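Asker: Got a structure for you, written out below as C-alpha cells; questions coming shortly.
The values are calculated or read from the model by the stated rules, or taken from the named source; none is laboratory data. Keep in mind that what you see is a predicted model, and the values were worked out from it rather than measured. Heads up, the Cβs are rebuilt from the backbone with ideal geometry, glycines too, and the neighbour counts pull from every protein chain shown. To get the accessible areas, we keep the full protein, side chains included, count just its heavy atoms, and leave off ligands, DNA and RNA. Shrake-Rupley method; radii C 1.70, N 1.55, O 1.52, S 1.80 Å.
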Amino acid sequence: MAIACCVLVLGAALSGQAFEVQGPARQEGGVWPVTVGVPLMPGVLDSGDLVVSGPGGSRLESSTEVAARWRDGSVRWAWVHTAARLDARGRGRLSLRPLRSRRRRPRSVVQSGQGDRLTWGDDPRVSVAREVGGLMAIDEAVRVRLVIEDVDGRLDQLRDIDHRVAVLRDTLQRVDVAVEGSFEESGLRYRAWITSFGPRQPIQIRTFLFAAKDEVETGRVRLEILGSGADRWCVRRIPRPDRPESGPLPRAHSLDLVAEPRTWQPGQGEHQVLLIGRPGEAACRGDLSAWPPIALPPPGAFGRVFSGERGWKPISRSSSLEVSLSALRRELREARAWTDRGDWPVGERAWGNLEYDTAYGTLAHGIRARRATWVRWADWMLSHLDGIDVARVPPAGVPAGLPFRHGWDHRGPIELGHVWLDGLWAHHWITGDLWCRESAVAMGEGLLEALTSRPSDRNIVRGAGWTLISLAAAWRGTGESRYEAALRLELERVLGWQVPGRGCFDLPREQQAVRPERIEVTTWVQGGVLGEGLARAAWELDDRRARRALAELCEWIASDAWSKRSEAFHVFLAYPRDGSELRRGALLRRRVEAAFLAATLQRGLANGGPRSWSRIVDDARSELEALRPPFEQHSRSGRPISMLLRCAPVLGL
C-alpha cells in the first residue's frame, strides 16, 4: 500500500488531452515515477497500450498493465507506469492517448543462478537475492537482514525448505518482487515485498513478520541495514505510520522491530514500510516520508467504473463538506488516522476494525477533493487492516483471511457484517499496489468459505448487505466466475426475504432478538446498507429483479420510514404479523445516518424513480451541508465518518 503524496489529475477523455502532475511540497524538481490508475468505460479500449507524452509532445517511456476487464472483454481499469519530470514547484504536465497496436518490449527481469537472485533492467546494480543468515541483497550497495533472537539472545536461523523469491510485477518502469519464508526455531514467518521504480529511484521494502502457528516467545527482533553511507532511509511502523523515522543511512544501521522479549499470539505480526533513497536523487535530498507519488483518477470516471455511481464530482476546498471535515484533520493525525476506530470512541482499549469501510470513504474523499493527505490516511488504515486485524491464524472453524470484529486486543469475533473489500480493491486499482490485492483476494477467499460453512453469519441485516457489496467488489477485482455465482446466489437469498407489498426485508437474525409476532426493522441499516448492496448487485449483474427490489425498498423508505409531518426518518418500525397497525419508533435525529437512507433514494432516482423522492433527498442534503463537527453522539468513532464519506459522492455534496 504505497504512501500517497502526489496528486495526478487526469482528463476524463483519452484523446491526448493534457493532465497535471502536482508533486509534494518543499521538494526539488526531478524525474518522479508515477503509476497512473486509469478507469475506462466499456468499449473505450479493447487492446493495445496507453501512450504518455510530456510537454511539447515528447513521448515518454511507459508500460501499460491491464488490471481488470468488463464483461465484453474491453479494459475496465489499466495502470500506466511512467516517469514525470517536475519543475522546482513540483509540477508537470503529461498527456494520455490509446495506442491500438500493442508494443513489444523486452523482459525487465532476468533470473539467474539458483533462482534466488533476480536482476532487472540493464543495470546490474538493482537486484534482490537471499544470502546466508537471513541477509537479503537489494543491490550492490544495500543489504537488509532480519534478525530474531530467542529470550537468551541466541540467533534464529532461516529455514531453507520453504524460502522463495518470486516476481510479482515485471514492467520496464516498475518491478515488484516478493521474498518469503520462515525461521527454524521460532516458526515465525516473514514476507518482504521489494518495489523498484528504476535504478535511480528510491527502493521500497515492505516487511511483515508474524506467528504462523502456536504461541511463540522471542527476544529482540531487529532489521539490520547495511548501506553505502550516502543513502537516506525512512521507516513507517504499523500501527503508528503517522510518526515516521527517517534520516541519513550510515553504513550499518539497526531498527528494532521488537525491543524486548515478547510472547506472540497466533497470527500476531509486526509490519513496517522501509524506503531507501539512493545518492544523488531528489528524493534522497528531501523527505522520503512523502514518497512515492500516487495518481488520482477523475472523480466522475472513478465513480462510474468502480460502482456505477453517476453523481461523483470534484469538490473545492471551500465546499461545505470540506469545511465540516477540516476539524477532523488534527484528530486524525493524533489518533492513528482512525486505524483503531470501530463503533465506539477510542479509550485505553482501542477497538480493532474500520467500521463501514472507513478506508474506502477516505479514498473517495481524497479523489474528489484532490487531497493527498486523505489517500495517505487510507493507506495507513489498510496497512493496519492487513497487518493487525486480519485473522491469519483464526480460531477453529473460522476461515483465514477474514478480519476480526471489535476487540480491545484486535482479536474479537469474526462475522460477515464486518467484512469490507471496497477500500482494498479501490486502493489496489488506484495505486497498482499488489500487496493490497493479495489482502483483498485472501479476504474474498475467506468470505466464500464462510458463506458455505457459517450461514448464520448472514442472519443480520448489514451482514446481508455488506456480503452483496463485498462479493461484487471481489468479482469486479478478480473477474472470477465463482464470485459472480456467489453474488447471484446471495442476491436470490436476499430477494426471498423482501416482504410483498411492503418493500422492507424480513431477515432471520439472532443478534436483535426478533419477536416471532412482528417484524422489526432498523430503517437506516436496511435502507442504507442493504439498499447499497441491491444497487451494487443490480449494476454488476445487470439484474432487473435487483433493480425492482431496490425500487420497492426506496418506496418503503419514502412512505413508511419517512414522516411527512415531521420531515424526518423513523429509527425503528414494527410490523405485527397479524396485520394490525404499523408501529413507528422515535425519529432519527442523527443526520449522518439519515444520509444513508437518502443515498439509497438517490440511487433509486438514478434508476428511474419518481421525482417525489427528490424532495426527501434534497432535505437530507441540506442538513448535511449545514453539518459541522462534532458529528452526532459518536463523533469520535469511525462509523459516522465512514457513512458521511460514503454517502457524500452519491448525494453530490
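Asker: Of everything in segment 583-593 that's in a loop (DSSP other than H, G, I, E, B) and among the aliphatic types (A, V, I, L, M), which residue is modelled with the highest pLDDT?
Answerer: For segment 583-593, the residue satisfying everything is ALA586.
Asker: Can you tell me which residues in segment 74-101 are touching an Asp or Glu at 6+ places or on another chain (Cβ under 9 Å) and open to solvent by 30 Å² or more (accessible area, probe 1.4 Å)?
Answerer: Those that are touching an Asp or Glu at 6+ places or on another chain (Cβ under 9 Å) and open to solvent by 30 Å² or more (accessible area, probe 1.4 Å): ALA83, ALA88, ARG91, ARG93, PRO98, LEU99, ARG100, SER101.
Asker: Also, quick follow-up: Could you go through segment 248-260 and let me know if any residue there is open to solvent by 40 Å² or more (accessible area, probe 1.4 Å), of a type outside the set (Val, Ile, Thr), assigned to a strand (DSSP E or B) and modelled with pLDDT under 75.
Answerer: Looking for residues that are open to solvent by 40 Å² or more (accessible area, probe 1.4 Å), of a type outside the set (Val, Ile, Thr), assigned to a strand (DSSP E or B) and modelled with pLDDT under 75, one finds at least one in segment 248-260, hence yes.
Asker: Oh, and also: Taking segment 583-599 only, how many residues are within 27 Å of LEU653 (Cβ to Cβ) and open to solvent by 80 Å² or more (accessible area, probe 1.4 Å)?
Answerer: 1
Asker: Mind listing just one residue for me: the one in segment 360-377 that is at pLDDT below 85 and aliphatic (A, V, I, L, M) and, of those, most open to solvent (accessible area, probe 1.4 Å)?
Answerer: ALA372
Asker: Another question about this same structure. Given the condition without any contact (Cβ under 8 Å) to a residue 60 or more places away in the chain, within 29 Å of TRP79 (Cβ to Cβ), surrounded by fewer than 20 Cβ atoms within 10 Å (Cβ to Cβ) and among the charged types (D, E, K, R), answer yes or no: does some residue in segment 194-214 qualify?
Answerer: no
Asker: Still on this structure, please answer the following. Test ASP156 against the stated conditions and say whether it is of a type in the set (D, E, K, R) and modelled with pLDDT of 80 or more.
Answerer: Answer is yes for this residue.
Asker: Out of ILE225, ILE238, report the one residue that is open to solvent by less than 60 Å² (accessible area, probe 1.4 Å), at pLDDT 75 or above, of a type outside the set (Phe, Trp, Tyr) and under 22 Å from PHE210 (Cα atoms).
Answerer: Sole residue among the options that is open to solvent by less than 60 Å² (accessible area, probe 1.4 Å), at pLDDT 75 or above, of a type outside the set (Phe, Trp, Tyr) and under 22 Å from PHE210 (Cα atoms): ILE225.
Asker: Can you list residue pairs whose Cβ atoms sit under 6 Å apart, with the first residue in segment 526-550 being under 11 Å from GLY604 (Cα atoms) and open to solvent by less than 10 Å² (accessible area, probe 1.4 Å) and the second being modelled with pLDDT under 95 and polar (S, T, N, Q)? Count only pairs 6 or more apart in sequence or on different chains.
Answerer: Once the first residue is under 11 Å from GLY604 (Cα atoms) and open to solvent by less than 10 Å² (accessible area, probe 1.4 Å) and sits in segment 526-550, its partners that are modelled with pLDDT under 95 and polar (S, T, N, Q) give GLY531/THR600; ALA549/GLN498.
Asker: Among the residues of segment 556-582, which ones are assigned to a helix (DSSP H, G or I) and surrounded by fewer than 18 Cβ atoms within 10 Å (Cβ to Cβ)?
Answerer: Scanning segment 556-582 gives a single hit, SER559.
Asker: So GLU217 fits all but one of (1) at pLDDT 80 or above; (2) of a type in the set (D, E, K, R); (3) within 24 Å of ASP386 (Cβ to Cβ); what number is the exception?
Answerer: Condition (3) is where GLU217 drops out.
Asker: If you don't mind, another one. Any idea which of LEU40, LEU50 is within 27 Å of the chain's Cα centre (by Cα), closer than 23 Å to GLU480 by Cβ and at pLDDT 80 or above?
Answerer: One residue alone meets the criteria, LEU40.
Asker: I've got another one for you. Within segment 147-187, which residues are part of a strand (DSSP E or B), out of contact with any helix residue (DSSP H, G or I) (no Cβ under 7 Å at 6 or more places or on another chain) and under 30 Å from THR64 (Cβ atoms)?
Answerer: Matches in segment 147-187: ARG164, VAL165, ALA166, VAL167, ASP170, VAL175, VAL177, ALA178, VAL179, GLU180.
Asker: What is the residue count in segment 378-408 for residues that are over 18 Å from the mean Cα position of the chain (by Cα), modelled with pLDDT under 75 and under 19 Å from THR467 (Cβ atoms)?
Answerer: 4
Asker: Right, something else. Would it be correct to say that SER63 is over 14 Å from VAL305 (Cβ atoms) and open to solvent by 20 Å² or more (accessible area, probe 1.4 Å)?
Answerer: Here the answer is no, as SER63 does not meet what is asked.
Asker: Quick one: GLY638 ticks every box in (1) at pLDDT below 90; (2) over 23 Å from the mean Cα position of the chain (by Cα) bar one, so which box is it?
Answerer: Every condition holds for GLY638 apart from (2).
Asker: Looking at GLU217, GLU184 in this structure, which one is surrounded by fewer than 21 Cβ atoms within 10 Å (Cβ to Cβ), touching a Lys or Arg at 6+ places or on another chain (Cβ under 6 Å) and among the charged types (D, E, K, R)?
Answerer: Result of the check over GLU217, GLU184: GLU184.
Asker: So, one more: Scan segment 171-182 and give yes if some residue there is at pLDDT below 80, of a type in the set (D, E, K, R) and out of contact with any Pro (no Cβ under 9 Å at 6 or more places or on another chain), otherwise no.
Answerer: no
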